[in-house]
Each structure stands twice: as C-alpha cells, then as structure tokens.
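Q: Take this structure first; my questions come after.
The values are calculated or read from the model by the stated rules, or taken from the named source; none is laboratory data. Fair warning: this is a prediction, and the values are worked out from it, not measured in the lab. Here the Cβ positions follow ideal geometry from the backbone for every residue, glycine too, while neighbour counts run over all protein chains shown. Protein only, heavy atoms only, side chains kept; ligands, DNA and RNA dropped before computing areas. Shrake-Rupley method; radii C 1.70, N 1.55, O 1.52, S 1.80 Å.
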Amino acid sequence: MSQLGSITAEKEKQMDLERQRFQEAKAKMLAQQKYKRAARTAGHIVLNIVVALIVLLPLLYAVSIAFMPSGELFTLDMNILPKHPTLENFRQALQKVPLVRFVVNSFLVAGLITFGQIISCSLAAFSFSFLDFKGKNVLFMLVMATMMIPGEATIISNYLTVSGWNWLDSYQVLIVPYLTSAMGIFLFRQFYLTFPISLYESAKIDGCSNLRFIWQILMPLTKSAMGAMAVYTFINAWNMYMWPLLVTGSDKMRTVQIGIGMLDSVDSQSITLMIAGVVLIILPSISIFIAGQKQLIRGMFSGAVKG
C-alpha cells in the first residue's frame with residue numbers, strides 16, 4: 001500500500017513538473033508575442049513619424065522662415081532653424097497690408113458660400129432622390145456634366161454677366177456664383193439614396209411637407225454628409241484666387257489669397273514677410289481641416305454603400 005502511495009505521489013510530482021514547464025513555456029511564448037507586438041507597434045510609429053516629417057517638411061520650413069530675420073535667410077549658410085527668432089515679420093506683414101480685413105472678407109465669403117451650398121445642394125439632392133418627375137435622370141446627367149467643364153472656360157462670360165449687373169467689387173459677386181455645386185448635389189444624393197423610399201412615403205402619409213421632411217428627418221440623419229460638405233466647401237472657397245482677382249479691385253473687398261500677393265516686392269525682405277503672411281492665412285484652413293477630417297472622411301464614403 002505504501003509502495004502504491006509512493007508511485008502515485010511520484011506521478012503527481014511529475015505531473016506538477018510537466019504543468020510547471022507548460023506554464024513556463026506558455027508565459028515565454030506570450031512574452032515573445034508581446035515583445036513582437038510592441039516592436040511592430042514601435043516600428044509603425046517610427047515609420048509614421050518619418051513620413052509625417054517628410055510630408056510636413058515644407059510647412060515646417062515655412063514656419064521657420066516666418067520667424068527668421070531676412071539677414072539669416074540670404075546667407076551661404078544652410079539655416080534650417082532661425083538663430084534669432086523674431087515676430088517682426090508678422091508685425092510688418094500686418095502693417096504693410098490690411099491682412100485682418102482680408103481674413104474677415106475670406107471668412108465671410110467662405111462661410112456664406114458653405115452655408116449656401118449646403119442648403120441648395122441638399123434641396124436639389126432631395127428632388128433627385130425622393131421626387132418623381134419627368135426628365136429627372138436627364139436633368140441629373142446635365143448637372144453632373146457641368147463637373148467636366150473647367151471654370152476657366154466660363155470665367156469670361158461670368159465676368160461679363162456680373163459686370164453688366166454692376167456687381168464688381170462687391171460681396172455678392174464673390175458669393176452668389178458659388179452658392180451651389182454639382183459635387184455637393186452628387187454627395188447629398190448618394191447619401192439620400194441609402195434611405196428607403198418608404199421613409200419619405202410614410203412621412204407624406206402622416207401629412208409631413210417636403211421642407212419639414214428635409215428639416216426634421218433628413219438633416220439630422222445626414223450630419224456626416226453635411227460636415228464633409230462644409231469642410232470641403234469652406235477650404236475650396238478660402239483658397240479661391242482667380243475669380244476674386246478678376247472681380248475685386250479695392251482693398252475693401254480683397255480676400256486673403258489676393259492680399260498675400262501684395263506682400264511681394266523687389267526687396268529681399270519681402271520673402272520673409274510673405275511667408276509670415278502665408279503662415280497666418282493657412283492656420284484657419286488647417287484648423288478647420290483637422291477639426292473636421294473625421295466628418296470629411298465619413299461623409300465622403302457614407303454614400304458608397306448604395307448607388
């Protein structure tokens with residue numbers, strides 16, 4: 001009996017030893033996997049940082065030049081960072097041209113264009129998505145066909161039209177021609193097509209008007225599309241150059257993209273002044289893009305489920 005007990009104890013001891021070895025091997029394997037995951041994550045982070053620095057290098061160098069005295073820029077030395085950082089370039093840029101006025105004009109123009117396009121494009125997209133009328137598909141194809149016409153092809157005729165209306169050098173000439181866009185209509189239409197037509201039919205049975213259906217049902221459900229449209233439209237309107245250059249002639253109506261060129265002159269100091277002005281005017285657009293990039297990406301892909 002004692003011999004049987006000793007054999008059982010020996011087997012249990014061997015089993016405990018095997019179990020301990022298994023636990024040690026398992027812990028070692030988990031540690032190796034954890035180390036590989038950490039190394040892979042660290043490699044991805046380093047690679048992303050390197051790529052980000054390469055992509056952002058022109059912007060970072062522009063910021064460096066903005067804080068750099070002009071005497072440090074035009075030397076034989078490779079000055080990447082300013083040796084004596086200064087805010088003088090920003091101060092002179094604000095004094096040389098009415099940059100604040102240009103920024104206000106651009107904010108006003110871009111904001112009203114964005115608001116106008118969201119309203120007009122959502123209404124047009126609602127008509128193409130939920131209403132049934134004769135020639136709807138043909139009309140939609142004509143709207144989409146306008147995207148293939150470059151703006152330079154119609155800019156002269158548009159100028160002659162607004163000139164005949166005595167709109168030159170005014171806010172309406174900067175805003176009204178851009179209150180709608182085929183891109184916005186297409187974006188909202190693709191998003192609306194993801195909703196079943198029964199949603200609209202049920203609302204109509206309950207006595208809901210079209211405008212009420214858009215305001216109370218569609219708009220709350222299309223926040224991602226509206227956010228994407230707002231970011232896309234605002235940045236495009238903020239960066240407009242050719243049309244404001246053509247239709248404005250006074251500092252009172254100029255936008256930032258036109259006004260920044262007024263900082264350029266024949267002297268060497270104008271480069272640092274112009275770069276300082278560029279840094280000032282790109283901050284709003286970059287901030288809006290960073291704040292709305294998730295909405296932009298989500299909105300651009302939200303209508304890809306159903307066409």
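Q: Using only helices, what value at 222 nm comes out for the chain when you add -39,500 (n - 2.57) per DSSP H run of length 4 or more and divide by the total residues, to the nearest 500 deg cm²/dmol? Mind showing how you got there, number by number?
A: Working: 14 runs with 219 residues, N = 307.
Helix contribution divided over all residues of the chain: -23500 deg cm²/dmol.
Q: Give me the distance in nm between label points sitting 7 Å out from Cα along the Cα-to-Cβ direction at Met15 and Tyr159, one decimal.
A: Label-label distance for Met15 and Tyr159, simple model: 9.4 nm.
Q: Semi-axes, largest first, in whole Å: what does sqrt of 5 times each Cα gyration tensor eigenvalue give for the stretch 126-212? Walk me through the numbers before you get to the answer.
A: On the way: eigenvalues 231, 54, 24 Å².
Each semi-axis is √(5λ); the values are 34, 16, 11 Å.
Q: Another one. Taking square-rooted eigenvalues a ≥ b ≥ c of the alpha carbon gyration tensor, is the chain rounded, prolate or oblate, where a/c under 1.5 means rounded and, failing that, a/b exceeding b/c means prolate? Show your work: numbers first, answer last.
A: Numbers: a/c = 3.92, a/b = 1.40, b/c = 2.80.
Oblate, because a/c is 1.5 or more while a/b does not exceed b/c.
Q: For the stretch 97-214, calculate the relative contact order in percent as a whole number, restricting contacts to Cα pairs under 8 Å that are 6 or more residues apart. Before the final figure, lay out the partial values.
A: Working: 64 pairs, mean separation 53.8, N = 118.
With pairs under 8 Å counted, the relative contact order is 46 percent.
Q: Considering only protein heavy atoms and a probe of 1.4 Å, how much of the accessible area of the stretch 107-217 is carbon and sulfur, as a whole percent?
A: Numbers: 4280 of 6380 Å².
Here carbon and sulfur together make up 67 percent of the probe-accessible area.
Q: Also, I was wondering about something else. Test of understanding: in a Gaussian network model of the chain with alpha carbons linked when under 10 Å, which of Leu168, Leu17, Leu246 would top the mean-square fluctuation ranking?
A: Leu17
Q: Taking a point 7 angstrom from the Cα of Asp77 along the C-beta vector, which residues in the stretch 49-66 have backbone N less than 17 Å away?
A: Under cut-off, by backbone N: 64-66.
Q: So for each of 179-188, 52-61 I average, over its residues, the number of other beta carbons within 10 Å; can you give me the resulting order with the highest mean first?
A: Working: 179-188: 20.9, 52-61: 11.0.
Order by mean packing, descending: 179-188, 52-61.
Q: Treating the beta-carbon of each Lys and Arg as +1 and of each Asp and Glu as -1, no other charges, what is the dipole magnitude of the chain about its Cα centre, to the nearest 20 debye? It would help to have the intermediate numbers written out before the result.
A: On the way: 25 positive and 16 negative charges, 214 e Å.
Value, rounded to 20: 1020 debye.
Q: Sort the stretch 1-157 into rounded, prolate or oblate with this rule: let a ≥ b ≥ c be the square roots of the eigenvalues of the Cα gyration tensor; rounded if a/c is under 1.5, and if a/c is not under 1.5, prolate when a/b is larger than b/c, oblate otherwise.
A: Working: a/c = 4.52, a/b = 1.68, b/c = 2.69.
It is oblate, given that a/c is not under 1.5 and a/b is not larger than b/c.
Q: Using the charge dipole of the chain (Lys, Arg: +1 at Cβ; Asp, Glu: -1 at Cβ; taken about the Cα centre), state which of Ala42, Val100, Met29 has its Cα farthest towards the positive end.
A: Met29
Q: Continuing with the same structure: For Leu57 and Asn166, calculate 0.36 nm times their separation in residues minus their Cα-Cα distance, and state this gained length in nm to one decimal. Please list the in-between numbers first.
A: Numbers: separation 109, 0.36 × 109 = 39.24 nm, distance 4.51 nm.
Extra length available between Leu57 and Asn166 comes to 34.7 nm.
Q: Moving on. Would you mind checking the pairs Lys36/Lys223; Lys134/Lys204; Lys83/Lys252 and listing those with alpha carbons more than 30 angstrom apart?
A: Lys36/Lys223; Lys83/Lys252
Q: Using a 10 angstrom cutoff on alpha carbons, build the Gaussian network for the chain and name the most mobile of Arg91, Arg21, Arg212.
A: So, out of Arg91, Arg21, Arg212, the one fluctuating most is Arg21.
Q: While we're looking at this one, here's another question. Of the residues Phe115, Phe126, Phe195, which exhibits the maximal mean-square fluctuation in a Gaussian network model of the chain defined by a 10 Å Cα contact cut-off?
A: Residue with maximal mean-square fluctuation among Phe115, Phe126, Phe195: Phe195.
Q: With the other protein chains left in place, how much accessible area per residue, in square angstrom, belongs to the chain at a 1.4 angstrom probe? All intermediate terms of the calculation are to be shown ahead of the outcome.
A: On the way: 19180 Å² over 307 residues.
Value for the chain: 62 Å² per residue.
Q: Of the listed peptides 247-255, 77-85, what is their order by residue-averaged count of other C-beta atoms within 10 Å, with the highest listed first? Don't skip to the answer; put the middle values down first.
A: Numbers: 247-255: 17.4, 77-85: 10.9.
Ranking the peptides 247-255, 77-85 by packing returns 247-255, 77-85.
Q: Here's a follow-up. Helix check for the chain. Which DSSP H runs span at least 30 Å along their own axis by Cα, with a mean Kyte-Doolittle hydropathy no less than -0.5? Let's see the in-between values first.
A: On the way: long enough: 2-66 (91 Å, 0.11); 99-130 (46 Å, 1.66); 269-302 (48 Å, 1.38).
Qualifying helices: 2-66, 99-130, 269-302.
Q: What is the distance, in nm, between label points placed 7 Å from the Cα along the Cα-to-Cβ direction at Thr41 and at Lys134?
A: Inter-label distance under the simple model: 6.5 nm.
Q: 7 Å from Cα along Cα→Cβ at both Gln95 and Leu221: what's the point-to-point distance in nm?
A: 5.9
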